[in-house]
Amino acid sequence: MSIVVVALVAFAITAFVAPGFLVGGSESQRAANHGTAEDFTVRGVAAQDLGDKVAEALKTGKSAAVMPLLCPDATEELKTFADEFREPQDVSYIEVMVGLGGKHEKEGLTTAVRPLSGSAVGRPDIAGEIPTSFTFVRQADGWCWQDLRDIVGYLEDFHDALNAGDLDTLHSMQCSDGSLGLLSDPLADAIALGGTWTMENHSYHVAGADADFVGGDATLDIGVSSSGGQFCVLSGILEK
């Protein structure tokens, strides 16, 4: 075999057999080069990768940028948000909460909270920004966006459960790091009073929200926290 033939055979093996520079390199190399600032469909190998993609998509104000990031089983609330999304959001980043030692990421479910404009989340009557929670889950083809909830809706859910006398739901909305009352349970005491409760004096801020639920001569003062990447009832005081 001549030197020329040997050289051609060597070139063919090098070019077309793995890693093969003429066939684009390995799968990992192609995946590493795939994501760009304008490619919103790449979900990434870590939850934070998806958080970065969602932040970039929200800046565009385009439904077409948001839609590809949704899970196939995304909630109706998130689907409605994505379908009607038209307003660019000033979101510099979305910090995904993965828990101690990456616990949540290992379990395949992570959360984050960022403020979005009231009009973007379907509440144009509310001026300014509203704390909004993001839920990301890991599925077969990577991380995807499953749910979106704003803190106004969270308070409305609390209101509904209070009027329904659903103590189990109210307790499930409490923060996991402590109880609300020292001597008694203000949620159970409020339900025991019966009657209809109305939500008044509600306000929203970076750390969460505050609201008064008034029923007869009693007022249940509730504080909601948005720390840890999700909403939970942190404080509750019943005044009679």
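A DSSP coil position with no more than 14 other Cβ atoms inside 10 Å describes the following chymotrypsin sites (Phe, Trp or Tyr not before Pro) in region 77-174: Tyr93.
Here r is the Cβ-Cβ distance between Asp177 and Ser119 and R0 is 41 Å; the resulting FRET efficiency, rounded to 0.05, is 0.75. For Thr169 and Ser184, the difference between the fully extended length at 0.36 nm per residue and the C-alpha to C-alpha distance is 3.6 nm. What net charge do the residues around Ile151 carry, taking every other residue with its C-beta under 11 Å from that of Ile151, with Lys and Arg at +1 and Asp and Glu at -1? Once positives and negatives cancel, what remains is -3. Straight Cα distances below 13 angstrom link Lys240 to the aspartates and glutamates Asp189, Asp212, Asp217, Asp221, with same-chain residues fewer than 8 positions distant left out. Here, P(r) means the percent of Cα pairs in each 5 Å bin from 0 to the largest distance; for region 41-120 it is 3, 15, 23, 27, 19, 9, 4, 0. Remark: spin-label model distance Glu95-Asn201 equals 3.1 nm, labels positioned 7 Å along the Cα→Cβ axis.
Using a Förster distance of 25 angstrom, determine the FRET efficiency expected from the C-beta separation of Asp160 and Ala192, and round it to 0.05. Working from the Cβ atoms, E equals 0.85. Summarised as an ellipsoid, region 144-240 has semi-axes of 22, 14, 13 Å, derived from the eigenvalues of the Cα gyration tensor scaled by 5 and square-rooted, with the largest first.
Net charge in the neighbourhood of Asn201 (other residues with Cβ under 10 Å of its Cβ; Lys, Arg +1, Asp, Glu -1) is -4. Straight-line reach from Lys79: taking Cα to Cα under 12 Å and skipping same-chain neighbours fewer than 8 places apart, the aspartates and glutamates in range are Asp147.
Readers should treat all values here as calculations from the given coordinates under stated rules, not as data from a laboratory. Since the structure is predicted, the reported quantities are computational estimates derived from the model, not experimental observations. Reconstructed Cβ throughout: ideal geometry from the backbone, glycine too, with neighbour counts over all protein chains shown.
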